[in-house]
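Structure first, then comments.
The values are calculated or read from the model by the stated rules, or taken from the named source; none is laboratory data. Predicted model, so just to flag it, every value in this text is computed and none were measured. Backbone-built Cβ (ideal geometry, glycine too); neighbour counts: all protein chains shown.
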Amino acid sequence: MFFPGTMLGGALLLWFILTGLSLIVLIYDLQTNTPAQWVMKLAWILIVLYTGPIGLFIFFLSCRQPISGTHNQFIEAHWKQSVGSMMHCVAGDATGIIFAAIVTFHLGLPNGLDLIIEYITAFVMGLLIFQALFMKSSMGGSYIGAIKKTLFSETVSMNMVMVGMIPVMAILRGVIPGGDNPTGPIFWGISSVATMAGIITAYPINSWLVGSGLKHGMMSAVTDATKPMDMSKHKAPTVSLSTKLGVVVLTIACLVIAVWITSFFVELKL
């Protein structure tokens, strides 16, 4: 039986139903109401796929225009721009992590090596596809140039996504039977919880990146609104190299601490 006959199985079934309904609502709104750019539409679809009604709730708060023609004004606040940056990052990273987890399960690798491969896959997918490839048109049109421009932001943002996701994935997969099996519902439930944890830990660094002019925030497809978004509020990057190096070290330290804490609950094997 796909869903175990337990309270957990019933909760997962309800969650997946709510996730399906949330996706329908989101896609309908993106098609008929909210003029987000296509890359943000893809990010929101992936986020709601992974986080269900929680992701839809965040979408309604931060991106969905309440009145037609007001999208630029609605998403102008810094915290909404930060949510857009974070969601774009988490969508790519979580996709890479889940894809790698499916592959490593079938390879029968130890859990510690699983996490390393998941990190590398998520970083590569997040940088080369969701950041550089999907964003190159807004960065001069050069793919290599887009990689260079997004390498720092993807590195620190990815580290903070993993700060939240690693403990959840490793601990829950280790203590719940079937948690690492992508053919069962428990794996997908754990992936949802881990993605939500990654959203929480990734928000502060994305808020800083947007405020420092190092990342794009929430993007609108509207270019001829009555009152376009005031881009003067979006700073040009002025962060020094030493500051960037310090932030990289800080996020790596947070990641090491997250792995260290995880090791108290489940043995990590290489």
Completion exercise
In the range 236-266, residues that are surrounded by 12 or more Cβ atoms within 10 Å (Cβ to Cβ), assigned to a loop (DSSP other than H, G, I, E, B) and not hydrophobic (A, V, I, L, M, F, W, C) total 1
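Anything in the range 22-44 that is in contact (Cβ under 8 Å) with a residue 24 or more places away in the chain and either under 20 Å from THR195 (Cα atoms) or small (Gly, Ala, Ser) (or both)? List them, or say none.
Hits for the range 22-44 are SER22, LEU23, LEU26, ALA36, VAL39, MET40, LEU42, ALA43, TRP44.
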Practice task
Could you check, for the range 11-30, whether at least one of its residues is in a helix (DSSP H, G or I), on the phi < 0 side of the Ramachandran plot and in contact with a strand residue (DSSP E or B) (Cβ under 9 Å, 6 or more places away or on another chain)?
Solution key: yes
Problem - Residue, nearest to the chain's Cα centre (by Cα), within the range 51-79, restricted to residues that are surrounded by fewer than 14 Cβ atoms within 10 Å (Cβ to Cβ) and among the aliphatic types (A, V, I, L, M) - result: LEU61
Practice task
For GLY178, work out the one condition from (1) surrounded by fewer than 17 Cβ atoms within 10 Å (Cβ to Cβ); (2) on the phi < 0 side of the Ramachandran plot it doesn't fulfil.
Solution key: (2)
Practice task
Could you grab me the full set of residues in the range 101-119 that are buried (at least 21 other Cβ atoms within 10 Å of the Cβ) and of a type in the set (A, V, I, L, M)?
Solution key: ALA101, LEU115
Problem - Failed condition for ILE98, given (1) of a type outside the set (S, T, N, Q); (2) buried (at least 16 other Cβ atoms within 10 Å of the Cβ); (3) farther than 25 Å from GLY211 by Cα; (4) at pLDDT 95 or above - result: (4)
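Here's the yes/no breakdown for (1) surrounded by 17 or more Cβ atoms within 10 Å (Cβ to Cβ); (2) closer than 21 Å to LEU49 by Cβ; (3) not polar (S, T, N, Q):
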site: THR121; (1), (2), (3): yes, yes, no
site: MET125; (1), (2), (3): yes, yes, yes
site: LYS136; (1), (2), (3): yes, no, yes
site: LEU151; (1), (2), (3): no, no, yes
site: MET158; (1), (2), (3): yes, yes, yes
site: MET169; (1), (2), (3): yes, yes, yes
site: ILE200; (1), (2), (3): no, yes, yes
site: ILE205; (1), (2), (3): yes, no, yes
Problem - Candidate set from the range 1-50 (those that are at pLDDT below 90 and not hydrophobic (A, V, I, L, M, F, W, C)); member that is nearest to the chain's Cα centre (by Cα) - result: GLN37
Practice task
Report whether or not THR121 is out of contact with any Gly (no Cβ under 8 Å at 6 or more places or on another chain) and polar (S, T, N, Q).
Solution key: no
Exercise for the section: For the range 63-84, state whether one or more residues are under 22 Å from ILE190 (Cα atoms) and modelled with pLDDT of 90 or more. Expected result: no
Problem - GLY112 under 21 Å from ILE27 (Cβ atoms) and of a type outside the set (Lys, Arg) - result: no
Handout entry: Per-region count, the range 53-75, residues assigned to a helix (DSSP H, G or I), touching a residue at least 60 places away in the same chain (Cβ under 8 Å), farther than 18 Å from THR19 by Cα and of a type outside the set (S, T, N, Q)
Key = 1
